[in-house]
Every structure is written in C-alpha cells, then in structure tokens.
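J.: To start, I am sharing the structure in question, which I have written as structure tokens.
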Amino acid sequence: MQGASREAHKALAAHVGDALDGTGDGAAQRATSIGDALFTVAGLLWAEPAVRRALIDPGRSPDDRAALANRLVGGRIEPAAADLVAAAVRERWDGPRDLISAIDEFGIVAHLAAADAHGRLDRVEDELFRFGQVLHATPDLRAALLDQAAPEQARRDLVRRLLADQASPETVSLVEHAVLTSRDRRLEPAVDRIIELAAQRRQRRVAVVRVASALSPEHRDRLENALTAQAGGPVRLNVVVDPDLVGGVKVEIGDEVVDGTVQSRIAELERLLAEQ
C-alpha cells in the first residue's frame, strides 16, 4: 500500500489493536468472532463492486460512509467488528482493493490474536509452516484445494480432513480462509503472509533456512543468534531440509537471500570459468 492507503492502514491497525487487547478464553472468543466477521465483510465487498466503491467514495463524508457501512453490516456481525468496518471506511483509501485487503488482513490478525490469547501462537506458526511445506511438495493437493470447479464446501471439508486432530482451531480457520480466497492460483504466498503476520505479532522476523541435513540444536542456536544480530531484532527460524542442496545453508529473510550452498558456489565457479 502507498499514500493514503498506508496512512489509513496505520490508523485502522490502532483500532484493531484496541479491539483485540486481552488474554484468556473471553478475549480469544471475541477475537475469533471479530476475525470471522471481518472475513465475511471482505467477501461481501469482493462480491459487490458498487458497495465497495461507495464505501471509499471521496464525494461522501466520512460520517456518511460509516453510516452506510452500519446499514450494511450493523446488527449482522460482531458489534466490535462492525465498529472496525465503520472506522475503516472513515479513512481515505487509494482504491477499493486496498480497503478489502486491509479488512481481510485484520481478520487474519484477529484469528492470530485468538491463538495468542490461548497461548498457542507459536504452535500455529509451526503448523502453518509445515502445511506450506506439504503444499510445496504436493502439487496435486494444491490443485485440489484451488479447484474453482469444486464446491466450496468440498474444499473446506478437504482442509478439515487434512488437519483434523493435528492442528489448532486457528490454523484450520486460517488455512480454510487462504484456500477459499486464493483467486490467483497461488496458495503458498497466502500461507507465507499469515506466517509473517504471526511473526509481526511477536515483533520478530521469519528466516527460512534451507539445509541439506537437519541442524543440531547447537548449530541451530548459533545460526539463530547470528541472524538475530544481523537483523537487529528477534528472528524465528523455519528450517527446511533439502538433500538436493548437497551442503551449505541458504537463508531467506523477507527479500534478503544469503546463499551459501554448494550449488551456488559451483554455479559461481562455472560462471567465472565461462568468462575466461
């Protein structure tokens, strides 16, 4: 997001933070209700172009846009979520997609807050990461989950069969949402984004570490400490064992890549020889 949408997102984030404040079962249930409601609103806006345009129309006053939002969702969803939607449309957005993206993102944040209130946010991060690895390794599964010709309930049931009794409720909800809202045939980035948001809640960055064989606890600790020092803050390691690497380590932190694998060294040597 840029310009006005960036400022609107920042303002809405403050409202969301206040709404999701708290710990324990009560706070978790409220956060789950808010998350589900925001997902519903985001879906409504995707389906109704005229509505989403009206809700960001600069020709309407902020109060008028908020009143319109209340007429649409007030009394139909969790009151705290309705307040957040009204707060969202009071802001100025560069386009309707930015508004929908923000509402959807804060729905994800609400489910992560529910996991946090239950004390299982780390578990949710781990489960999401493992699910992403399964997707990467199983193209047929990815295709089945994204099959737009299949009924929505069938894809939802597939997610639940995959994760039943193996994942927390928040993970199931977030994966279902990612599956049902991935419109560009790309599911892994949606899962990666949820993991990033979970890390942000912990105020840390995520490093994907690819190695040829499993790291010992001592090696993992040394690598985590080194990356924390380099990043200037806490780093969570998600380790992928890839025997095809032969040896070495490849680290990805956001857009930054440090490739110390054997393949990269061979490729560099071949490049140098070709230049001779």
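The values are calculated or read from the model by the stated rules, or taken from the named source; none is laboratory data. What you are looking at is a predicted structure, and each value in this text was computed from that prediction instead of being measured. Cβ atoms come from the backbone with ideal geometry, glycine included; neighbour counts cover every protein chain shown.
J.: Would you check if there is a residue in segment 210-221 being aliphatic (A, V, I, L, M) and not assigned by TED's automatic domain parsing to the domain that holds Gly247?
T.: Our first condition is that a residue be aliphatic (A, V, I, L, M); within segment 210-221, this holds for 211-212, 214-215.
From what's left, not assigned by TED's automatic domain parsing to the domain that holds Gly247: none.
No, segment 210-221 has no match at all.
J.: Scan segment 151-171 and give yes if some residue there is small (Gly, Ala, Ser) and within 21 Å of Val109 (Cα to Cα), otherwise no.
T.: To start, the set of residues in segment 151-171 that are small (Gly, Ala, Ser) comprises 154, 164, 167-168.
Imposing the further condition that a residue be within 21 Å of Val109 (Cα to Cα) reduces the set to 167-168.
There is at least one residue in segment 151-171 that is small (Gly, Ala, Ser) and within 21 Å of Val109 (Cα to Cα).
J.: Just to check your reading of the model, which residue among Gly119, Gly107 is closer than 25 Å to Leu20 by Cβ and not in a helix (DSSP H, G or I)?
T.: On the way: Gly107 fails: not in a helix (DSSP H, G or I).
On inspection, the qualifying residue turns out to be Gly119.
J.: Sticking with this structure for a sec: Quick one: count up the residues across segment 136-189 that are part of a loop (DSSP other than H, G, I, E, B), at pLDDT 90 or above and not hydrophobic (A, V, I, L, M, F, W, C).
T.: Qualifying residue count for the region: 4.
J.: Something else: Collect the residues in segment 61-83 that are at pLDDT below 95 and either closer than 16 Å to Gly95 by Cα or not assigned by TED's automatic domain parsing to the domain that holds Gly107 (or both), keeping them in residue-number order.
T.: none
J.: For segment 199-227, which residues satisfy the criterion of being among the polar types (S, T, N, Q) and surrounded by 12 or more Cβ atoms within 10 Å (Cβ to Cβ)? Show your work before the answer.
T.: Narrowing segment 199-227 to residues among the polar types (S, T, N, Q): 200, 203, 213, 216, 225.
Result: Gln200, single match.
J.: OK, next. Looking at Leu112, Leu174, Leu180, Leu99 in this structure, which one is surrounded by fewer than 20 Cβ atoms within 10 Å (Cβ to Cβ), of a type in the set (A, V, I, L, M) and touching a residue at least 12 places away in the same chain (Cβ under 8 Å)?
T.: Only one candidate passes the filter, namely Leu180.
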